[in-house]
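Colleague: Here's a structure for you.
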Amino acid sequence: MILPIADRFVAGESPATALDHARRWNAKDVKVILNLLGEHYDDAEDVAADTEEYRTLLSDIASAGLDACISVKPSQIGLDLGTEVFEENLASIVEAADEEGEFVWVDMEDHTTTDATLDAFERFVTDRGGGMGVCLQANLRRTKGDVERFADLPGKIRLVKGAYDEPESVAYTEKERVNTAYRELLTTMFETYEGGIAIGSHDPAMVDLGRDLHEQWGTPFEVQMLMGVREDAQVELAREYEVWQYTPYGSRWASYFYRRVMERKGNALFAARAIIGR
Ligand code: FAD
């Protein structure tokens with residue numbers, strides 16, 4: 001059973017609780033990106049089970065008429081077992097999404113997976129003519145080239161700062177340098193993309209920059225934030241812009257919850273207060 005305090009960041013263990021969560025947030029005009037928690041599987045059965053759950057979830061999203069989509073991690077659907085396994089399972093998920101007219105995001109993991117993830121995304125989104133998005137990380141030195149590479153492709157790009165500890169050789173490791181890279185990349189996207197820009201950040205400075213760039217260039221954009229983080233801001237922003245809440249669910253919630261709690265003092269205090277009942 002899920003720890004009661006973890007439900008700030010995780011929408012329960014089952015698809016049913018995740019779909020209920022999506023229904024509640026849709027009522028606040030916030031759309032929902034569902035992510036079944038799981039990563040780095042080296043067991044083909046885990047890979048097959050999560051692939052199948054995503055296929056069913058897409059059909060459940062469609063029959064419930066929800067403003068929701070899914071986001072999958074490459075290592076959850078087989079990348080650690082080989083590029084072919086990953087692409088085969090992504091194809092199966094994309095096929096289910098096509099049948100239901102739903103959208104599929106691909107999360108980005110550490111830098112050793114970037115090429116395989118982007119190559120697969122490029123191929124699938126081109127074949128499909130859109131309906132898919134991928135995440136790019138501003139901390140990676142290569143991302144300027146990737147932002148340029150995807151300018152004329154259909155689909156969406158979620159720009160994030162980057163969640164993985166990467167070596168200096170491939171990434172900016174100072175926070176301020178990452179912020180500068182994020183600003184530069186977002187500016188290029190608004191200047192050169194026709195749309196499909198997702199600001200994946202809780203940082204008010206980046207959201208404000210997006211608003212300014214939208215006013216200047218008119219390029220459509222959306223904001224994406226995590227469940228449990230700046231939720232008041234999500235509701236407020238949704239009055240003006242398209243807002244998507246990234247919502248994890250599933251039985252593997254413990255390590256995700258631990259990461260959220262440890263990344264920020266405020267979250268750790270929240271957890272401590274909840275545990276001691278204040
Ligand atoms: P930070 O740089 O952490 O903080 C900047 C400012 O934002 C803070 O000073 C504060 O004002 C505000 N803020 C941040 N967090 C909080 C909080 N908890 N409460 C209140 N205010 C806060 N990373 C990947 O590597 N791959 C992915 O596929 C990926 N997908 C993501 C999808 C979404 C929708 C989001 C939101 C993030 C994703 N990330 C992903 C994580 C991302 O890379 C960052 O690690 C994470 O978002 C923290 O950076 P930030 O821009 O939100 O703000």
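The values are calculated or read from the model by the stated rules, or taken from the named source; none is laboratory data. Everything numeric in this text was worked out from a predicted model, so none of it was measured. Methodologically, a virtual Cβ is constructed for each residue, glycine included, from the backbone with ideal geometry; neighbour enumeration extends over all protein chains shown. When the accessible area is computed, the model is the full protein with side chains, heavy atoms only, and any ligands, DNA or RNA have been set aside. Shrake-Rupley method; radii C 1.70, N 1.55, O 1.52, S 1.80 Å.
Colleague: If the Cβ limit is 8 Å and pairs must be 6+ apart or interchain, which residue in segment 67-84 that is over 13 Å from TYR41 (Cα atoms) and more than 15 Å from the ligand (Cβ to nearest atom) pairs with which residue that is assigned to a helix (DSSP H, G or I) and among the aliphatic types (A, V, I, L, M)?
Modeller: ASP67/ALA22; THR83/ALA116; THR83/ALA120
Colleague: Just a yes or no: is a residue in segment 139-148 open to solvent by less than 20 Å² (accessible area, probe 1.4 Å) and of a type in the set (S, T, N, Q)?
Modeller: Here is the first cut: in segment 139-148, the residues open to solvent by less than 20 Å² (accessible area, probe 1.4 Å) are 139-140, 143, 146-147.
Then drop every residue that is not of a type in the set (S, T, N, Q), which leaves 139, 143.
For segment 139-148, residues open to solvent by less than 20 Å² (accessible area, probe 1.4 Å) and of a type in the set (S, T, N, Q): present.
Colleague: Kindly evaluate VAL207 against the criterion of being β-branched (Val, Ile, Thr), part of a helix (DSSP H, G or I), surrounded by 17 or more Cβ atoms within 10 Å (Cβ to Cβ) and at pLDDT 95 or above. Full working, then the answer.
Modeller: Details: β-branched (Val, Ile, Thr): yes; part of a helix (DSSP H, G or I): yes; surrounded by 17 or more Cβ atoms within 10 Å (Cβ to Cβ): yes; at pLDDT 95 or above: yes.
Yes.
Colleague: Which residue pairs have Cβ atoms closer than 6 Å, lie 6 or more positions apart in sequence or on different chains, and pair a first residue in segment 85-105 that is touching a residue at least 40 places away in the same chain (Cβ under 8 Å) with a second residue that is of a type in the set (Phe, Trp, Tyr) and part of a helix (DSSP H, G or I)?
Modeller: These pairs meet every condition: ILE93/TYR54.
Colleague: I'd like the full set of residues that are assigned to a loop (DSSP other than H, G, I, E, B), open to solvent by 10 Å² or more (accessible area, probe 1.4 Å) and not polar (S, T, N, Q), limited to segment 229-253.
Modeller: Quick first cut of segment 229-253, residues assigned to a loop (DSSP other than H, G, I, E, B) only: 229-230, 238-241, 250-253.
Then drop every residue that is not open to solvent by 10 Å² or more (accessible area, probe 1.4 Å), which leaves 229-230, 238-241, 251-253.
Listed by number, the residues that qualify are VAL229, ARG230, ALA238, ARG239, GLU240, TYR241, ARG252, TRP253.
Colleague: Let me ask another. Where residues in segment 183-197 are in contact with a strand residue (DSSP E or B) (Cβ under 8 Å, 6 or more places away or on another chain) and in a helix (DSSP H, G or I), which of them is farthest from the ligand (Cβ to nearest atom)?
Modeller: The initial filter retains those residues of segment 183-197 that are in contact with a strand residue (DSSP E or B) (Cβ under 8 Å, 6 or more places away or on another chain), namely 185-186, 189-190, 193, 195-197.
The next check asks that each one be in a helix (DSSP H, G or I); those that pass are 185-186, 189-190.
Values: LEU185: 12, LEU186: 11, MET189: 15, PHE190: 17 Å.
Among them, the one singled out is PHE190.
Colleague: So is GLY200 open to solvent by 10 Å² or more (accessible area, probe 1.4 Å), closer than 19 Å to GLY133 by Cα, in contact with a Lys or Arg (Cβ under 6 Å, 6 or more places away or on another chain) and within 13 Å of the ligand (Cβ to nearest atom) or not?
Modeller: Numbers: open to solvent by 10 Å² or more (accessible area, probe 1.4 Å): yes; closer than 19 Å to GLY133 by Cα: yes; in contact with a Lys or Arg (Cβ under 6 Å, 6 or more places away or on another chain): yes; within 13 Å of the ligand (Cβ to nearest atom): yes.
Judged against the criteria, GLY200 is a match.
Colleague: Same structure again: Identify the single condition in (1) within 12 Å of the ligand (Cβ to nearest atom); (2) assigned to a loop (DSSP other than H, G, I, E, B); (3) farther than 21 Å from LEU79 by Cα that PRO154 does not satisfy, given that it satisfies every other one.
Modeller: (1)
Colleague: While we're here: Provide a single number: the residues in segment 156-169 that are over 14 Å from the mean Cα position of the chain (by Cα) and open to solvent by less than 40 Å² (accessible area, probe 1.4 Å).
Modeller: Residues meeting the conditions: 1.
Colleague: Moving to a separate point now. Got a number for residues in segment 241-278 being modelled with pLDDT of 95 or more and either within 14 Å of the ligand (Cβ to nearest atom) or within 20 Å of LEU159 (Cα to Cα) (or both)?
Modeller: Number satisfying all stated conditions: 8.
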